[in-house]
Amino acid sequence: MILDSPSRSSRSAPAIGAVRRDFAPWKDPGAVPLIRYEGVRKRFGATAAVDGVDLSVFEREFFCLLGPSGCGKTTLMRMLGGFETPDEGRVTLAGRDLSGVPPHLRPVNMMFQSYALFPHMTVAGNVAFGLKQDGLPRTEIAARVDAVLDTVQMRGLADRKPDALSGGQKQRVALARALVKRPKVLLLDEPLGALDKRLREETQYELMDLQVALGITFLMVTHDQDEAMTMADRIAIMDEGRIVQVGTPAEIYEAPADRGVAAFLGDVTIFEGVVQGRDGEGWTVASEPAGCVLRVGEAAGVAPGTAVGVAIRPEKLRIVAEGDPAPANVMDGEVWDIGYLGDWTIYRVKLASGLIVRVSQANAARFVERPVGWEDRVRIGFDPASAVVLTA
Amino acid sequence: MKGLSRIDLAALTFGFAFLYLPILILVVYSFNASKLVTVWGGFSTEWYAALFRNKALMDAAGVTFRVGIVSATIATILGTMAAVALVRVPRFTGKGLFTGLLYAPIVMPEVITGLSLLLLFVAIDLDRGFWSVTIAHVTFAMCYVAVVVRSRLSTFDRSLEEAAADLGATPLRAFFSVTLPLIAPAVAAGWLLAFTLSIDDLVLASFTSGPGATTLPMRIYGQVRLGVTPEINAISTLMIGAVALVVIAVSLATRPRAAR
Ligand SMILES: Nc1ncnc2c1ncn2[C@@H]1O[C@H](COP(=O)(O)OP(=O)(O)OP(=O)(O)O)[C@@H](O)[C@H]1O
Ligand SMILES: [Mg+2]
């Protein structure tokens, strides 16, 4: 197999967040998407499970559908597998309209949320099943089954029945079974849901490496934001059957489209306020909860008088020690709560307005000269460029 | 389990005696050396030997056996198909009625089923004999098969079939390589149930049978009217044994897997 895995280390100048790798076909206007949802709708009785979705996924992309439970992620994915038919709109794969194509004729494979391993077949039998349907010669089937079981490190258990496997092992078999047919697209419905935290993280990186190595397009469903952020090239945030925002993890985290996305992905404090006027490159926002006029960076679609939310992430706020140079925005408050997480400490600081602001600090040193304690009066602050101005 | 009180014990004894004493008497007397059915004359297996020399009885046993095998097999195929269709088909208006109609023959008095089948066979001019009895048993038994298979299918994980389809199996192959092996115990139980129903049946057979296709229950019933012979006891004991074996097999086949 030829592996032209894109380099992971290249760096192009000022970009938002961390750049994972040099792979961004969605920025190329000439690129043709591999998967395309066009105005897709699906109702179940009174609920609109998918409510007008337009989405493009490119070849070799690792794409994540992220959203709260019941927002239609599984339904959207099952339409690509052929297990649900859209009421409206269409789904195309490599330019071909998939309407009316039954599941067994679609060049995609799915790893089911419940794994759906055949309990009456061995691990090897499960993996061989798909190849047998294609009528491949026996020797080739055996060779490919062995190879893929090697990849997922399950060769030693090839003769076990699924009942005799642990959750992590089942997950590997399900993955192997979906991969062995070398599909154009691999659909993964919460593939790591049943694993414990440590195994989950390990598997996340394994899956990412595998995806780059095999060059298969991955479409993954999850409701775990860390998982989506870690693994995906791009994420689509879904809510109530609609796509709210599509972007790289960094774009979605650093430039959320609205308050909902900002709050869904990671921690955030939102200072509600009204735009006052220009301030150099940016704007000033009078915020009652903050108890001051905030300076923020450039923002599109605002003018004096616009009601906005100034969103700031905990790690972009800091506690300003006496004598330190103060950032452009400072507020006084009282330490309400301290959560020590080992690598980070989270301070919940209560402002005069009663608003509680979360501030996190990396514990870079083992000992601190002047530790911050409960009920201490502190001064917190952030730079104008760290905040996001939300109009929706 | 707590110890049983005397009343419990008495109730249990009485209940079991009520259920099994008649059968026990029949079994015991089948080994009676005396020709008189009600007088014990010592242990003997001569009636079993006599049985195998009784051509009429043996012929009837053969007919019953063949009708049982053929009708159980056809009923299993049809009943399984009906169950799969009922579980698969998305909800439609009248599905409840349709389901009810499938199960109706279970509660229908057999006399009515028998009579209506007889009328049908006369109307279409079907010769009464082996096939008419077999068809009658199929119509009756397939409902039971459908009930058994349907209850197993209702707990069947549909995502297994979807996985099979996803991996390239046509609906037919998905059914035979994934669904069928997994519901096989219920299908087997359905077959055994259909088989016992068939070999037990007297009413439907009486209505739909013809010359040369006398079943064992018909033959026994006919002979008993002329007086009970130890031979009848012997063949009845064999039937009890056969049915008991089947019932045990069914309960083993449909027993939920032991918790791991
Ligand atoms: N077969 C169905 N019949 C009726 N309603 C359905 C069916 N499948 C899904 N729904 C409904 O459609 C909505 C979206 O379901 P879906 O399974 O796509 O959610 P999801 O985003 O995958 O949620 P989760 O994260 O919990 O898996 C839900 O309200 C669900 O109840
Ligand atoms: Mg789901």
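The values are calculated or read from the model by the stated rules, or taken from the named source; none is laboratory data. Quick caveat: nothing in here was measured; it's all calculated off a predicted structure. Cβ sites come from the backbone with ideal geometry, for glycine too, and all protein chains shown count toward neighbours. These accessible areas exclude ligands, DNA and RNA; they are computed on the full protein's heavy atoms, side chains included. Shrake-Rupley method; radii C 1.70, N 1.55, O 1.52, S 1.80 Å.
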Take the residues of segment A:275-291 that are part of a strand (DSSP E or B) and open to solvent by 50 Å² or more (accessible area, probe 1.4 Å): which is nearest to A:GLY309 (Cα to Cα)?
A:GLN276
Tell me which helices (runs of 4 or more DSSP H) are completely within segment B:103-190 and hold 3 or more residues being touching a residue at least 12 places away in the same chain (Cβ under 8 Å) and open to solvent by 20 Å² or more (accessible area, probe 1.4 Å), or say none if there are none.
B:110-123, B:130-153
Output yes when any residue across segment A:212-227 is open to solvent by 10 Å² or more (accessible area, probe 1.4 Å), more than 16 Å from ligand 2 (Cβ to nearest atom), within 16 Å of A:GLY67 (Cα to Cα) and away from chain B (no Cβ under 14 Å), and no when none is.
yes
Do we find that A:ALA257 is open to solvent by less than 20 Å² (accessible area, probe 1.4 Å) and out of contact with any His (no Cβ under 8 Å at 6 or more places or on another chain) in this structure?
no
Starting from segment A:144-156, take each residue that is free of Cβ contacts under 8 Å to residues at least 60 places away in the same chain and list its partners that are part of a helix (DSSP H, G or I) and open to solvent by 60 Å² or more (accessible area, probe 1.4 Å), counting only C-beta distances under 6 angstrom and pairs at least six apart or across chains.
A:LEU149/A:ARG155
Does any residue of segment A:230-249 turn out to be of a type in the set (Ser, Thr, Tyr), in contact with a Pro (Cβ under 9 Å, 6 or more places away or on another chain) and open to solvent by less than 10 Å² (accessible area, probe 1.4 Å)?
no
Requiring at least 1 residues that are over 17 Å from B:ASP166 (Cβ atoms) and of a type in the set (Gly, Ala, Ser), the helices (runs of 4 or more DSSP H) wholly within segment A:51-170 are A:123-133, A:138-151
Would you mention how many residues in segment A:176-194 are within 16 Å of ligand 1 (Cβ to nearest atom) and surrounded by 18 or more Cβ atoms within 10 Å (Cβ to Cβ)?
6
Residues of segment B:165-199 being within 7 Å of chain A (Cβ to nearest Cβ) and either of a type in the set (Gly, Ala, Ser) or under 17 Å from the mean Cα position of the chain (by Cα) (or both), which ones?
B:ALA165, B:GLY168, B:ALA169
Quick one: how many residues across segment B:138-161 are small (Gly, Ala, Ser) and modelled with pLDDT of 90 or more?
3
I'd like the full set of residues that are away from ligand 2 (no atom under 16 Å from the Cβ), more than 14 Å from chain B (Cβ to nearest Cβ) and in contact with a strand residue (DSSP E or B) (Cβ under 9 Å, 6 or more places away or on another chain), limited to segment A:184-209.
A:LEU207, A:MET208
When restricted to A:ASP134, A:ASP54, the only residue surrounded by fewer than 14 Cβ atoms within 10 Å (Cβ to Cβ) and more than 22 Å from the chain's Cα centre (by Cα) is A:ASP134
Quick check on segment A:62-75. Is at least one of its residues more than 13 Å from ligand 2 (Cβ to nearest atom), surrounded by fewer than 23 Cβ atoms within 10 Å (Cβ to Cβ) and of a type in the set (A, V, I, L, M, F, W, C)?
no
Over segment A:76-92, the set of residues within 14 Å of chain B (Cβ to nearest Cβ) and open to solvent by less than 50 Å² (accessible area, probe 1.4 Å) is A:MET77, A:ARG78, A:MET79, A:LEU80, A:GLY81, A:GLY82, A:PHE83, A:GLU84
Against the definition (away from chain A (no Cβ under 14 Å) and either in contact (Cβ under 8 Å) with a residue 12 or more places away in the chain or not small (Gly, Ala, Ser) (or both)), how does B:SER206 come out, yes or no?
yes
Report yes if A:VAL101 is away from ligand 2 (no atom under 16 Å from the Cβ), under 27 Å from A:GLN225 (Cα atoms), among the aliphatic types (A, V, I, L, M) and open to solvent by less than 50 Å² (accessible area, probe 1.4 Å), otherwise no.
no
May I ask you to list the residues in segment A:30-74 that are within 16 Å of ligand 1 (Cβ to nearest atom) and of a type in the set (Ser, Thr, Tyr)?
A:TYR37, A:THR47, A:SER69, A:THR74
For segment A:334-365, the count of residues that are open to solvent by 40 Å² or more (accessible area, probe 1.4 Å), farther than 16 Å from A:ALA290 by Cβ and among the polar types (S, T, N, Q) equals 2
From A:MET229, A:MET220, grab the single residue that is not in a helix (DSSP H, G or I) and not basic (Lys, Arg).
A:MET220
Only one of A:ALA174, A:ALA178 is part of a helix (DSSP H, G or I), facing another protein chain (nearest Cβ under 10 Å), closer than 17 Å to A:ALA213 by Cα and in contact (Cβ under 8 Å) with a residue 60 or more places away in the chain, namely A:ALA178
If a residue must be within 14 Å of chain B (Cβ to nearest Cβ), open to solvent by 20 Å² or more (accessible area, probe 1.4 Å) and within 25 Å of A:PRO103 (Cβ to Cβ), how many such residues does segment A:142-160 contain?
1
Out of the residues in segment A:27-50 that are crowded, with 19+ Cβ neighbours inside 10 Å and assigned to a strand (DSSP E or B), which is nearest to ligand 2 (Cβ to nearest atom)?
A:ALA49
Residue among A:LEU76, A:LEU105, A:LEU98, A:LEU93 that is at pLDDT below 95, out of contact with any Ser or Thr (no Cβ under 6 Å at 6 or more places or on another chain) and closer than 18 Å to A:PRO191 by Cβ
A:LEU76
The residue from B:THR80, B:THR99, B:THR64 that alone is under 14 Å from B:VAL147 (Cβ atoms) and buried (at least 20 other Cβ atoms within 10 Å of the Cβ) is B:THR80
From the list B:GLY68, B:GLY62, B:GLY15, pick out the single residue that is farther than 18 Å from B:ILE235 by Cβ, assigned to a helix (DSSP H, G or I) and at pLDDT 85 or above.
B:GLY15
What do you reckon, is B:GLY227 at positive phi and surrounded by fewer than 21 Cβ atoms within 10 Å (Cβ to Cβ)?
yes
